[in-house]
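This report concerns only the one structure given below.
The values are calculated or read from the model by the stated rules, or taken from the named source; none is laboratory data. These figures come from a predicted structure and were not determined experimentally. Counting neighbours? That spans all protein chains shown, and the Cβs are built from the backbone with ideal geometry, glycine included. The area values use the complete protein model at the heavy-atom level, side chains included, leaving out ligands, DNA and RNA. Shrake-Rupley method; radii C 1.70, N 1.55, O 1.52, S 1.80 Å.
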There are 2 protein chains.
Amino acid sequence: MPKDSFYTELHEKMARYSKALSHPARIYIMDFLIRNTSKCCYSGDMAEELPIARSTLSQHLKELKNAGLIQGEINPPYIRYCINRDSWEEAKRMFSEFLNQ
Amino acid sequence: MPKDSFYTELHEKMARYSKALSHPARIYIMDFLIRNTSKCCYSGDMAEELPIARSTLSQHLKELKNAGLIQGEINPPYIRYCINRDSWEEAKRMFSEFLNQ
DNA sequence: TTTGTATTTCGCAAAAATACGAAATACCGT
DNA sequence: ACGGTATTTCGTATTTTTGCGAAATACAAA
């Protein structure tokens, strides 16, 4: 079913990525994951640094996951999060084209 | 008064710019303004293309203005909008650093 | 001074985002 | 089977965003 919208797929996608990054906690999380690609990044690692409840952090992680920017590798009871490289590359490309056109 | 927040100025700013771009209509507007730097860009020009009420468009313009991304040159009854080059350059720099770190 | 034009502001309603604590989940070690 | 641990989901409250039409604004032209 083709997207029934006035806006282009590109515009919708840009807006979706932007929205995912529109909260300082989520910027923090992405920053954390980017700077620690080698480390295991558990929810708890970030929860210790961030001044928000664990359930709230969990929601932010879910939103980033829904936007496709991150993924969680389940290893109960831990969940190791990391950047979704494909989406991240796409986001990079789109932002860079948009910003530098 | 120093910002009393856990997050850095940079993170706050990134989130603010992202939020400004978190709606397809606002992506559309920015795109329009970027592609028409030579033209006069009146609210009405965009209102004719966008499938939203003029008052709604006006609100989106206000948000982009509040985020510092655009500015309006008043020439009643017209208002000519354009990219705020300084902020735009800053946003470019910040996004590119963030995305490519 | 009245009329017209482009745009914004106001007032409101509906939807979405944000946040928390409590409860649920899912596995491990004992 | 029973706790212990890390994390998520649920229920709920508050705030913010989005959207519209009607009214207001501000100037130009007649």
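Averaged across the residues of A:5-17, what count of C-beta atoms belonging to other chains lies within 10 Å of each residue's C-beta?
On the way: counts 2, 7, 7, 4, 0, 3, 8, 2, 2, 8, 8, 3, 3.
Counting Cβ atoms of other protein chains within 10 Å of each residue's Cβ and averaging gives 4.
Any idea what the residue B:8 label distances to the other copies are, label 7 Å down the Cα→Cβ vector, nm, shortest first?
From this label point to the equivalent ones elsewhere in the assembly: 3.3 nm.
How about residue B:62: which aspartates and glutamates have a C-alpha closer than 20 Å to its C-alpha, ignoring those fewer than 8 places off in the same chain?
Residue B:62 reaches B:12, B:31, B:45, B:48, B:49, B:73, B:86, B:89, B:90.
What total accessible surface area, summed over both chains, is buried at the interface between chains B and A, computed with a 1.4 Å probe and given in Å² to the nearest 100? Could you put the intermediate results ahead of the total?
Values: alone 7200 and 7200 Å², together 11580 Å².
Using a 1.4 Å probe on protein heavy atoms, the buried area is about 2800 Å².
Put the label 7 Å from Cα along Cα→Cβ for residue A:97; what are its distances to the other copies, in nanometres, shortest first?
2.6
For the stretch A:27-64, run through the trypsin sites (Lys or Arg not before Pro) and keep only the ones in DSSP coil with at most 12 other Cβ atoms within 10 Å of their Cβ. Mind showing how you got there, number by number?
Details: sites: A:35, A:39, A:54, A:62; in loops: A:39.
Hits after loop and neighbour filter: A:39.
Put simply, what bits of the stretch A:82-98 lose 20 Å² or more of accessible area when the other protein chains are there, versus the chain on its own (1.4 Å probe)?
For the stretch A:82-98, once contacts with the other chains are taken into account, A:88, A:92, A:95, A:98 lose 20 Å² or more.
Going 7 Å from the Cα of residue B:49 toward and past its Cβ, which residues in the stretch A:60-101 have a backbone nitrogen under 20 Å from where you end up?
A:94-101
How compact is the protein assembly as shown by the rule of thumb for globular proteins, expressed as Cα Rg over 2.2 N^0.38 Å?
In units of the globular-protein estimate, the protein assembly as shown measures up at 1.12.
Taking the label point 7 Å from Cα in the Cβ direction, how far apart in nm is residue A:71 from each other copy of itself, listed shortest first?
Its label point is 4.5 nm from the equivalent points in the other copies.
So if I restrict to the alpha-carbon atoms in chain A, what is the Rg, and what is Dmax, the biggest pairwise distance, in Å?
Both quantities, over Cα of chain A: 14.8, 45 Å.
Pop the C-beta distance of residue B:80 and residue A:79 into the FRET formula with R0 = 41 Å and round what comes out to the nearest 0.05.
Numbers: r = 51 Å, r/R0 = 1.23.
It comes to 0.20.
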